[in-house]
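Novice: Sending over a structure as structure tokens; questions will come in a sec.
Please treat every number below as a calculation from the coordinates, not as lab data. In this text, all values refer to a predicted model and were calculated from it rather than measured experimentally. For neighbour counting, all protein chains shown are included, and Cβ atoms are generated from backbone atoms with ideal geometry for every residue, glycine included.
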Amino acid sequence: MEGVGAYGGGKAGGAFDPISFVQRPAVILRAVCWLFSIIVFGCISSQGWQPVDKKLVCLYNGDADACNYGVGISVIAFLASMAFLVGEYLFEQMSSVKTRKHYVLVDLVFSAFWAFLYFVGFWYLCNQWAKSNDPPSGIGVSNVRAAIAFSFFSIFAWAASAFLAFQRFKQGSDAAFASNFESDNMQNAYPSYPGGPETDQHYQEPPFSAGPNSRGPGDFQAPAY
């Protein structure tokens, strides 16, 4: 079957084992990314905004863009993590090598890009929080700091997911190259049939073979006088 074992996946159409599925590193990392995204947007949404003069103000130095950025990338990360978890389940059912390759490439590009966005978000939130005044009675401080901390952790979670995707892609590329190389060697090593190799030897009559007017090695004819 096409695509058996390609790009780090098992045999397509095999039985689903939930225990081995949840133990896979890619699945564990997706679950971690999913959890971290909930914490970040939950902390900012719940207490990252505080009412000041009947108006909600972001605790990150009053910068609404900082709160919106943290919530935005985390909500998308939440949805993407669930989508990739579904993709990991369907990955074993993909019998096409091209389909698996496209999935791995999307995983690689998205994970690397989101690690970068969380890196930007971490420094953005840190910078704005460093300029902020402490809110009255310290309300929301723990949530704001937790959002910063888990934004930092998310960088490594998404970067690790990108690394695993790169390993998958490299494994699939190496396997495809090896298959093509072995196929070329097989074609060069064994000639095509019917007809066989064009190496038939054409034997010629020895130069001293006996002809109709020739004497054999044991014949003797007396000379005529």
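Novice: Using modelled backbone amide H atoms (1.01 Å from N, in-plane), which distant-in-sequence or interchain residues come within less than 5 Å of V57's amide H?
Specialist: Correct list: Q50, V52.
Novice: Okay, next question. Can you give the FRET efficiency for I139 and V106, using 1/(1 + (r/R0)^6), R0 = 45 Å, r = Cβ-Cβ distance, to the nearest 0.05?
Specialist: On the way: r = 41 Å, r/R0 = 0.91.
E between I139 and V106, to the nearest 0.05, is 0.65.
Novice: So if R0 is 30 Å, what FRET efficiency would K54 and Y89 give, r being the distance between their Cβ atoms, rounded to the nearest 0.05?
Specialist: The pair K54/Y89 has a calculated efficiency of 0.05.
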